[in-house]
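Let me begin by presenting the structure, written as structure tokens, before commenting on it.
The values are calculated or read from the model by the stated rules, or taken from the named source; none is laboratory data. Worth saying up front: this structure is predicted, and the values here are computed from it rather than measured. Cβ sites come from the backbone with ideal geometry, for glycine too, and all protein chains shown count toward neighbours.
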Amino acid sequence: MKMETLKYLVYLIIIVFGHNFKAKAQEIPTAMIQNEINDQIWSPFKKAFSDRDWNLFNSIHADDILRINKWGIRKGSEYKNSIETSYSQNSTTKRSIDFCFSERITNSSTSYEVGLYKITSQKDQGEIHYSYAQFHVLLKKINNRWKIVQDWDSDLIHGNKITKEMFNECTSTSPYEVE
């Protein structure tokens, strides 16, 4: 092999592998992205829900949010205005929400998150009530902040009500955690 060819081959290898290593170094690990999502979406979501803080709740949703549930489809300001109205009503009911993720498919700008949630509510020191549902949420990074752009939920899976047992099974097997 001629020295010229050998130099060319070495140069080519350096370019190919060097570019690949640089690209890998610039990738953000999925776990770091999901922690950022937890901090920017799921922790504020839980706080806003329990505190009935419509400003905080609406701030984690994109302006053109698409919200789908058994009551229909709402978009953007229609959905956000309904949250303001609902959360502004006086209520003595204490409530909280917990999430269990069955799937989180994430890259640096988009995340598709699927799981179950449990709502715990108690009115005036009365009986504690639990409700369960499945959710599918699409997140996008907008102006360096994660936002919910699409949110769908249902209390049924294949026509069957989601139960405490289903939620507990999800929490015992899920590799994802949100505080």
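Here is how the numbers come out for the structure above:
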read-out: Boolean, Ser91 is farther than 17 Å from Glu113 by Cβ and surrounded by 13 or more Cβ atoms within 10 Å (Cβ to Cβ); value: no
read-out: Flag if Ile142 is closer than 24 Å to Leu56 by Cβ and either under 17 Å from the mean Cα position of the chain (by Cα) or surrounded by 16 or more Cβ atoms within 10 Å (Cβ to Cβ) (or both); value: yes
read-out: Phe99 vs. criteria outside any helix (DSSP H, G or I), among the aromatic types (Phe, Trp, Tyr) and modelled with pLDDT of 95 or more; value: yes
read-out: Residue list for the range 98-113, filter: surrounded by 15 or more Cβ atoms within 10 Å (Cβ to Cβ), more than 9 Å from the chain's Cα centre (by Cα) and within 17 Å of Val149 (Cβ to Cβ); value: Thr106
read-out: Residue in the range 114-133 that is β-branched (Val, Ile, Thr), farther than 25 Å from Lys94 by Cα and surrounded by 14 or more Cβ atoms within 10 Å (Cβ to Cβ) present; value: yes
read-out: Residues that are touching a strand residue (DSSP E or B) at 6+ places or on another chain (Cβ under 9 Å) and polar (S, T, N, Q), drawn from the range 92-107; value: Thr92, Thr93, Ser96, Ser102, Thr106
read-out: Residues of the range 106-147 that turn out to be of a type outside the set (Gly, Ala, Ser), over 21 Å from Pro44 (Cβ atoms) and in a loop (DSSP other than H, G, I, E, B), as a count; value: 4
read-out: Residue within the range 163-173 that is of a type in the set (Gly, Ala, Ser) and outside any strand (DSSP E or B) present; value: yes
